[in-house]
Amino acid sequence: MAGRGQGIVIRDAHFPGRAPIEAYGDGGFRFAGMSHRGSILCVPSGIYGFQATSASELDVAALEKVFEEAADIEVLLVGTGTDLVPLQRELREAARAAAIMADPMSTGAAVRTYNVLLSEDRAVAAVLLAV
C-alpha cells in the first residue's frame, strides 16, 4: 500500500484559486470557508501559507512567487502587520521593474483593499502578515 509507514505528510498550505479574505486576527486568516494560522500570500494561482512574520522579512526572495506571476499582477498590497512599514528599496525597485505597483499598509487595510479590488476583478495580489 503506497504511503504506508510514512507517517503524517506535511504539505505547504495552498488554496488553488482566488477568494476574498473573510476574517483576520488572532494570528491568522479565514477565506473560502477555511482558516489558516500565520501569514498568507495571495496571487493569481492561489492563496499560500507564507513564512514571514515581520516586515523586515519581506524581500525579493521571499516574494519570488509574486515575481513568477508578475504578468498577471498590477497591484501588490503588502499588509505589514498592525503598523505601516515602508518596503525595502530593493523590493520597491524589483516591483517597479516588473510593472507592479507595490503598496504597503497595515494588514487590516490591505485585507479590505484586497477584497474590494478582487470584487472588481482587478489584477491584484497581496502578502498579508498575520496580526
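The values are calculated or read from the model by the stated rules, or taken from the named source; none is laboratory data. Note that the structure is predicted; figures quoted are calculated from it, not measured. Using ideal geometry, Cβ is built from the backbone for each residue, glycine included, and neighbour counts are taken over all protein chains shown. Accessible surface areas use protein heavy atoms only, side chains included; no ligands, DNA or RNA. Shrake-Rupley method; radii C 1.70, N 1.55, O 1.52, S 1.80 Å.
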(Q) Looking at segment 46-71 only, could you name the residues that are in a helix (DSSP H, G or I) and without any contact (Cβ under 8 Å) to a residue 40 or more places away in the chain? (A) SER56, GLU57, GLU64, LYS65, PHE67, GLU68, ALA70, ALA71
Q: Output the residues belonging to segment 78-131 that are of a type in the set (A, V, I, L, M), open to solvent by 50 Å² or more (accessible area, probe 1.4 Å) and part of a helix (DSSP H, G or I).
A: ALA97, VAL116
Q) In segment 39-58, what count of residues is obtained for those that are open to solvent by 20 Å² or more (accessible area, probe 1.4 Å), touching a Gly at 6+ places or on another chain (Cβ under 8 Å) and either among the hydroxyl-bearing types (Ser, Thr, Tyr) or at positive phi (or both)? A) 2
(Q) Pairs needed: first member in segment 97-112, basic (Lys, Arg); second member anywhere, open to solvent by less than 30 Å² (accessible area, probe 1.4 Å) and not in a loop (DSSP other than H, G, I, E, B); C-beta distance under 9 Å; at least 6 residues apart or different chains. (A) ARG112/ILE21
Q) Which condition breaks for VAL75 when tested against (1) open to solvent by less than 20 Å² (accessible area, probe 1.4 Å); (2) in contact with a Ser or Thr (Cβ under 7 Å, 6 or more places away or on another chain); (3) without any contact (Cβ under 8 Å) to a residue 60 or more places away in the chain? A) (2)
